[in-house]
Amino acid sequence: MRQLPRNATIEQIMSANGAVLKLDNQKNGWKGVCVYQEHNLDERFSPVRALGRRYCHVRHHSNNNMKTYLSAYWEKGVHHDVKAEDISMALKRAACFLDYPSLKGIPIERINIHTLRSGGANALSLAGY
């Protein structure tokens, strides 16, 4: 395993076998922990390829500013970052669209970003992890 240079080409980034993320802003758990993800050999649905695409996009639009978060996006050339409220609102919209109150018995006001954490944990448990 070797680290790619900061000025790695898009081709080098998109051919990586794995990726390491350092989580500095963990709300729960250990701050500063590094998480390794291996490429799953699926070029379209690989988390490593998705991270590579995100990194290249942010690097391009931020003029190589290494302090720019992966959550960055640009609307009409203006830099924004995805915030917890944005994710919460999107989850609530999806739950409304899927009629969670009627079909699942889950009130919309109970759905928030923690839904992802508990749902993910349940999915992993049901999958035997």
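Annotations for the structure displayed:
- Within the stretch 116-127, not a single residue is touching a residue at least 24 places away in the same chain (Cβ under 8 Å) and open to solvent by 100 Å² or more (accessible area, probe 1.4 Å).
- Of the helices (runs of 4 or more DSSP H) lying entirely inside the stretch 73-129, those carrying at least 1 residues that are within 16 Å of the chain's Cα centre (by Cα) are 84-97, 114-126.
- Test: residue in the stretch 17-24 that is without any contact (Cβ under 8 Å) to a residue 12 or more places away in the chain and either open to solvent by 70 Å² or more (accessible area, probe 1.4 Å) or within 18 Å of the chain's Cα centre (by Cα) (or both): yes
- The residue list Lys104, Lys92, Lys83, Lys76 contains one member that is surrounded by 12 or more Cβ atoms within 10 Å (Cβ to Cβ), free of Cβ contacts under 8 Å to residues at least 24 places away in the same chain and of a type in the set (D, E, K, R), which is Lys92.
- Verdict on Glu11 being open to solvent by 70 Å² or more (accessible area, probe 1.4 Å) and either more than 17 Å from the chain's Cα centre (by Cα) or of a type in the set (Gly, Ala, Ser) (or both): yes
- Condition met for Thr68 (among the β-branched types (Val, Ile, Thr), surrounded by 14 or more Cβ atoms within 10 Å (Cβ to Cβ) and part of a loop (DSSP other than H, G, I, E, B)): yes
- Residues of the stretch 29-56 that turn out to be assigned to a strand (DSSP E or B) and under 12 Å from the mean Cα position of the chain (by Cα), as a count: 0
The values are calculated or read from the model by the stated rules, or taken from the named source; none is laboratory data. Being a predicted model, the structure only gives us computed values, none of them experimental. As a convention, Cβ positions derive from the backbone with ideal geometry for all residues, glycine included, and neighbour counts pool all protein chains shown. Note: accessible area is taken over every heavy atom of the protein model, side chains too, but ligands, DNA and RNA are not part of it. Shrake-Rupley method; radii C 1.70, N 1.55, O 1.52, S 1.80 Å.
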